[in-house]
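Novice: Here's a structure for you.
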Amino acid sequence: MSHDATATRLDPFPTPVSAFFWDGADNGDLLGQQCGQCASYWHPPRPMCPKCHSLDQRHVKLSGRGTVYSWTMPVHPFPFGFTSPPIVALIDLEEGPRIVSNVVGVNAMEMREGIEVEVAFEPTRGGKSVPVFKPREGAGA
């Protein structure tokens, strides 16, 4: 991916445990982890299953669909790396994990819990991608 001069978001800081997630985002995929023992999904990335503590895990492509559980809009101090205050939301993914991300493409006055969303990707200053969520077309709350 090339550098986007209009992007204001900061690049992610991958760790050895989270690198697969950010590589997936760069390829347009929302990836998660699934336990090979109990089949649980989880996010954020970690080295063992939070449910059964197994180290047997696999990286899986997630549907990218979910529902807004809760949200806020930080305005002061102004969030660095954004041209306007972002909508920060907790998204309950269809597979079960809850992810913190931004919701885009919705007016803050119309934002509410229960909105059905799907993943999209936005560029960063250094040419990487980060997952964000947008309202799903034709989906009700």
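Values quoted throughout were computed directly from the atomic coordinates according to the rules given, and no laboratory measurement underlies them. Remember, predicted model here, so these are calculated numbers, not experimental data. Every residue, glycine among them, receives a Cβ derived from its backbone with ideal geometry; neighbour counts consider all protein chains shown.
Novice: Rounded, prolate or oblate, given the Cα gyration tensor of the range 91-136, with a/c below 1.5 counting as rounded? Intermediate values should be presented prior to the final figure.
Specialist: Details: a/c = 2.51, a/b = 1.33, b/c = 1.89.
Oblate, because a/c is 1.5 or more while a/b does not exceed b/c.
Novice: Between beta-carbons, use under 12 Å as the cut-off and find the net charge around ASN27, counting Lys and Arg +1, Asp and Glu -1.
Specialist: On the way: positive: LYS61, LYS128; negative: ASP23, ASP26, ASP29.
Charge balance in the 12 Å sphere: -1.
Novice: Here's something else I'd like to know. With r defined as the distance between the Cβ atoms of VAL88 and ASP11 and R0 fixed at 22 Å, what FRET efficiency is calculated, to the nearest 0.05? Intermediate values should be presented prior to the final figure.
Specialist: On the way: r = 18 Å, r/R0 = 0.83.
Efficiency, rounded to the nearest 0.05: 0.75.
Novice: With a cap of 13 neighbouring Cβ atoms within 10 Å, and only residues DSSP puts in a loop, list the trypsin sites (Lys or Arg not before Pro) found in the range 1-98. Can you show the working numbers first?
Specialist: Numbers: sites: ARG9, LYS51, ARG58, LYS61, ARG65, ARG98; in loops: LYS51.
Here the sparse-neighbourhood loop sites are LYS51.
Novice: Find, to one decimal place in angstroms, the Kirkwood hydrodynamic radius of the chain, where the mean of 1/r is taken over every pair of different Cα atoms and then inverted. Each step should come with its number before you reach the end.
Specialist: Values: mean 1/r = 0.0628 Å⁻¹.
That comes to 15.9 Å for the chain.
Novice: Please give the length that would be gained between LYS51 and ASP23 if that part of the chain were fully extended, namely 0.36 nm times their separation in residues minus their C-alpha to C-alpha distance (nm, one decimal). The partial results should precede the final answer.
Specialist: Values: separation 28, 0.36 × 28 = 10.08 nm, distance 2.52 nm.
Length gained, LYS51 through ASP23: 7.6 nm.
Novice: List the extent of the Cα atoms of the range 63-141 along each of their three principal axes, largest first, rounded to whole Å.
Specialist: 31, 28, 22 Å, listed from the longest principal axis down.
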